[in-house]
1. Let me confirm something: among 291, 279, 308, 262, which residue is surrounded by fewer than 22 Cβ atoms within 10 Å (Cβ to Cβ), in the same structural domain as residue 224 (by TED's automatic domain parsing), closer than 25 Å to residue 138 by Cα and touching a strand residue (DSSP E or B) at 6+ places or on another chain (Cβ under 7 Å)?
2. Please go through segment 128-156 and pick out each residue that is free of Cβ contacts under 8 Å to residues at least 60 places away in the same chain and out of contact with any helix residue (DSSP H, G or I) (no Cβ under 9 Å at 6 or more places or on another chain).
3. Restricting to helices (runs of 4 or more DSSP H) lying wholly in segment 267-358: which have 3 or more residues that are under 23 Å from residue 198 (Cα atoms) and out of contact with any helix residue (DSSP H, G or I) (no Cβ under 7 Å at 6 or more places or on another chain)?
4. For segment 152-178, which positions are in a loop (DSSP other than H, G, I, E, B) and closer than 20 Å to residue 9 by Cβ?
5. Give the residue that is surrounded by the fewest Cβ atoms within 10 Å (Cβ to Cβ), with candidates limited to residues of segment 46-78 that are within 22 Å of residue 93 (Cα to Cα) and modelled with pLDDT of 55 or more.
6. Of the residues 70, 149, which single one is under 30 Å from residue 282 (Cβ atoms) and either out of contact with any strand residue (DSSP E or B) (no Cβ under 6 Å at 6 or more places or on another chain) or in the same structural domain as residue 10 (by TED's automatic domain parsing) (or both)?
7. Applying the selection to segment 234-251, what residues are loosely packed, with under 14 Cβ neighbours inside 10 Å and farther than 23 Å from residue 40 by Cβ?
8. Quick check: anything in segment 225-240 in contact with a helix residue (DSSP H, G or I) (Cβ under 6 Å, 6 or more places away or on another chain), farther than 19 Å from residue 321 by Cβ and touching a residue at least 24 places away in the same chain (Cβ under 8 Å)?
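The values are calculated or read from the model by the stated rules, or taken from the named source; none is laboratory data. Since the structure is predicted, the reported quantities are computational estimates derived from the model, not experimental observations. All Cβ positions, even for glycine, are placed from backbone atoms using ideal geometry, and neighbour counts span all protein chains on display.
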């Protein structure tokens, strides 16, 4: 009988593909994975009625992801409320007891829990599912997220103290949690390199450029002003933004909103791009971020222009051009596009291959094996 691993995720399987789904798919090679989707932690208001109704509709339908699931992965979506206040906490305790009565595989216990959520409902689920090991894979600085409930930070501290192992992708998150975590290790994001290998791009004869950003469009971490400044300064350039729109914004006509795409299809958009963009806003939240896509971008071999996030400056200064304000982006893009890429391209790809997700997964296995 194969071991069972429970992934507790704060994003849906069908959302933008990232660390959560990648590690779950890799763990499914060695164990049966139950991927449990829990709602987010932002406080609920009147404006969220539509979002709540959409989630109720999703939960009322059979679980059918947009894309085929990897072998060994099963998705569960317990009906629980956002963990934002004492009334919802009490209701969630009852709802989770009811959920586990129907989920016999979880009620019987699992070998490993990999948790991404600091929500009270995640803690309740961990408490009720017998398990041998607990990993807290902490990818966000929750203290810098706008709209979180007051209980989240003390709940996360209890989780850090309880987890057998806490993983973080960035130095700042490691420094932030080292005092509270029982055991903490920095594990940067990786790349599914084969999905991003493309031939070199031939530049347009008129010198126009196609620029690409992919990921969800959210004002908390994306610099909309920088994107708009580039679009207005160079109307002959094409900017493609691939991903779900979380914060509405009216862009100039030369900005294409391509919507969310399957991870396997991102290479089609990369093939059209001359330069890749990482136009992050600079704030308390993003200063703890290592962009999940950095090694994917390197795997393309394309030139990359990024905001000077601390992790990117620390580790990738030789491979990236940086722009710190809206008026710096056009010159940085032009420098990146004009530079000789003959030597840089194989170097970037080699760096991505050395940091593939398969090697990251082996490291996680090593960390688990080393636990007392």
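1. Among 291, 279, 308, 262, only 308 is surrounded by fewer than 22 Cβ atoms within 10 Å (Cβ to Cβ), in the same structural domain as residue 224 (by TED's automatic domain parsing), closer than 25 Å to residue 138 by Cα and touching a strand residue (DSSP E or B) at 6+ places or on another chain (Cβ under 7 Å).
2. Once the filter is applied, which keeps residues that are free of Cβ contacts under 8 Å to residues at least 60 places away in the same chain and out of contact with any helix residue (DSSP H, G or I) (no Cβ under 9 Å at 6 or more places or on another chain), segment 128-156 yields 132, 150, 154.
3. Numbers: elements: 294-299, 310-316, 329-338, 344-353.
Those helices (runs of 4 or more DSSP H) span 329-338, 344-353.
4. Of segment 152-178, the ones in a loop (DSSP other than H, G, I, E, B) are 163-164, 169-170, 178.
Passing the criteria: 163, 164, 169, 170.
5. Among residues in segment 46-78 that are within 22 Å of residue 93 (Cα to Cα) and modelled with pLDDT of 55 or more, the one surrounded by the fewest Cβ atoms within 10 Å (Cβ to Cβ) is 76.
6. Working: 70 fails: under 30 Å from residue 282 (Cβ atoms).
Result of the check over 70, 149: 149.
7. Of everything in segment 234-251, those that are loosely packed, with under 14 Cβ neighbours inside 10 Å and farther than 23 Å from residue 40 by Cβ turn out to be 235, 236, 250.
8. no
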